[in-house]
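Everything on this sheet refers to the single structure shown next.
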Amino acid sequence: MSVAQPARERPRPALPRVPARAVLAHYLTGYRRTWRAGVFSSFLLPTLTVVGFGLGVGAYVDQGVDGVRYLDWIVPGLLASTALQVAIGESTWPVFSNFQWIKTYSAQSAAPLRIVDILAGHLAFVLFRALTASVAFLLVTALFGALHSGWAVAALPVVALLCLAVAAPTFAYAAAVDSDSWLAMLFRFAVIPMTLFAGVFFPVESLPGVLRWLAYGTPLWHAVDLCRAATLGVAPQWSVPGHLLYLAAWAVGGWLLAARLFRRRLVV
Amino acid sequence: MVTLVLPRLLDVSGTSRRSASVIERNVAALKSVYWLLLLSGFVEPVLYLFSIGVGVGQLIDGFTLPDGRVVQYAAFVGPAMLASSAMTGALAETTFNFFGKMKYLKLYDGIIATPVRPFEIALGELGWAMVRGSAYSAAFLAVMVAMDLTTIGRAVLAFPAAVLVGFTFGAIGMALATFMRSWQDFDLMGSAQFALFLFSGTFVPAEDYPALLRWAVEVTPLYRSVHLVRDICVGGSGGLWLLDVLYLLALTGLGLAVASRRMVGLLYK
């Protein structure tokens, strides 16, 4: 008794040697269709801020800050805070939706991908978004004559590290919460206060005691100080290795936490 | 005469009752986290006031108004933060939430099966946005008075102005929401909103801009709102505030008319 054998499945394409690349390719394919809307929010808006704020308000800051024009002073801050906004924006609703709404992660975990591949692939995409926005922003600010030193290029690895330092913990946070209202809370109580008070628009030193230490504790301040040193070609206020280690600690801690929470939600 | 007018009057009370039931629905549907989000809504403009007004203000000694008076920078920026937060709050509720409810939750498809009509839904949603927005504005004005950026008398006058600003943007937002095709359109709206926020005489007087930009800015609703609220809080421009009020009232009427007209088309299929 011979039953007709079902046609043999075609061999599947092999996983790339680094499986996370397949995950990254997934996000890039989607991004090819939606990048236009992102150009507005992640590039044009910071540029408008440079014009409206740096030039407009800068005209009233007569003596400048630390001996440079106000515009030149806030540009590195805006660079870091743009990277921060893009990084956190890309790791809140998109991650939450991949768990809760469109369930991309469930589909990916059914494929021969490990949890770390799913996580690393998505983080790589977030890094790509933050870096492209930063490069574009840096080019525009160069036209304003706001970059004083060739060291400005060194700001790019710094914002990349900042991106990982804030995106990884945010991945963990978005994996842990049960309602997207918590994501809006993150913006209201962490992202916006950080952007406003971590040395982007005015020196942290003018904050009173406790608040100043809170500002020093944010990853954003460390990146802003390094970026400012890079674009103005001066020494940072704090040691460079100290800054880098602090940011790396956030990235590693966030990664470990995120991997744990992803595993808890995806491995049943 | 009585037979002609009375039914209309009764109808008005019916309209407000039915609009109120839309608000009631929104309150009943609140989840606990959302309450938290709602209560903390007034924090944002206060943070901006402290960061830009006070923090950046320290770098500016004595801000000279176009009419020659010198004020603290925070006193100049504060009213603008009030007006723009009234705009942001009203737009968030009437565009994002309204669009989601209409297109994805299909909430209004259910509501029109009851005696509530599209215009009353619009009015109810607007009313709900205003309840929230007005509470935020009152809290913000209290902070301004506490920081000595304005007087109590001026703050009391500024409150209805902020409510009017909220109404105007709420009505515009609802009209816009009926034209939205997908969430991507909100990115464009967000960008437009941010550009308005930066350039509506918020951080520097519009007199600083080149002439062409200045005229373009002066006809935008946010500029007129900032102008109105600032006029009340710090004084300065004579009787021009009346023009602002009329302009905002006209826009509110226009927005509501367009919104309810379009909703009739979208809902009664």
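Read-outs throughout are calculated quantities, based only on the coordinates presented, and are distinct from any laboratory measurement. Here the structure is a predicted model, which is why all the values come from computation and not from measurement. Heads up, the Cβs are rebuilt from the backbone with ideal geometry, glycines too, and the neighbour counts pull from every protein chain shown.
Relative to the longest principal axis of the Cα atoms of chain A, the long axis of helix A:70-91 makes an angle of roughly 20 degrees. Take each residue in B:191-204, count the other chain C-beta atoms within 10 Å of its C-beta, and the mean is 4. Build a GNM of chain A with springs between Cα atoms under 10 Å apart, and of A:Ala136, A:Ala167, A:Ala110 the one that fluctuates most is A:Ala110. The equivalent ellipsoid of the protein assembly as shown has semi-axes of 41, 36, 19 Å, largest first, where each one is the square root of 5 times an eigenvalue of the Cα gyration tensor. Taking other residues whose beta carbon is less than 13 angstrom from the beta carbon of B:Ser84, and scoring Lys, Arg as +1 and Asp, Glu as -1, yields +1. If R0 is 25 Å, the Cβ-Cβ spacing of A:Ser179 and B:Lys103 corresponds to a FRET efficiency of close to 0.75. On C-alpha positions alone, give me the angle between the axis of helix B:2-28 and the longest principal axis of chain B, in degrees, nearest 10. Between helix and principal axis, roughly 70 degrees. Neighbour counting of Cβ atoms within 10 Å sorts the residues A:Thr92, B:Thr114, A:Thr231, fewest neighbours leading, into B:Thr114, A:Thr92, A:Thr231.
Counting, for every residue in A:50-57, the Cβ atoms of other protein chains within 10 Å of its Cβ and taking the mean gives 5. Adding -39500 (n - 2.57) for every DSSP H run of four residues or longer, then dividing by how many residues chain A holds, sets the calculated 222 nm ellipticity at -21000 deg cm²/dmol. Mean sequence separation of contacting Cα pairs (under 8 Å, at least six apart), scaled by the length of segment B:174-239, corresponds to a relative contact order of 26 percent. Normalised by the number of residues in segment B:50-136, the mean separation of alpha-carbon contacts (under 8 Å, six or more apart) gives a relative contact order of 22 percent. For the protein assembly as shown, a crude dipole built from +1 on the beta carbon of Lys and Arg and -1 on the beta carbon of Asp and Glu, taken about the Cα centre, is about 2340 debye to the nearest 20.
Between 0 and 90 degrees, the angle of helix B:118-146 with respect to the longest Cα principal axis of chain B falls at about 30 degrees. 3J(HN,Hα) along segment A:44-57: 5, 5, x, 5, 4, 5, 4, 5, x, 9, x, 6, x, 5 Hz, from the Karplus curve 6.51 cos²θ - 1.76 cosθ + 1.60 with θ = phi - 60°, whole Hz, x for Gly and Pro. From its DSSP helices (H runs of at least four residues, each -39,500 (n - 2.57)), chain B gives a residue-normalised ellipticity at 222 nm of -23000 deg cm²/dmol. The mean number of partner chain beta-carbon atoms within 10 angstrom of a residue's beta-carbon across peptide B:47-57 is 5. Along its first, second and third principal axes, ordered by size, segment B:1-145 spans 64, 45, 23 Å in Cα coordinates. What's log10 of I(q)/I(0) for segment A:92-182 at q = 0.11, 0.18 Å⁻¹, Debye sum over Cα points only, no solvent? With no solvent term, the Cα-only Debye profile gives -0.43, -0.84. No solvent, one uniform scatterer per C-alpha: report log10 I(q)/I(0) for segment A:112-268 via the Debye equation at q = 0.19, 0.20 1/Å, two decimals. Debye output, listed in q order: -1.28, -1.36.
Between A:Val68 and any residue 5 or more places off or on another chain, the built amide H atoms are never under 5 Å apart.
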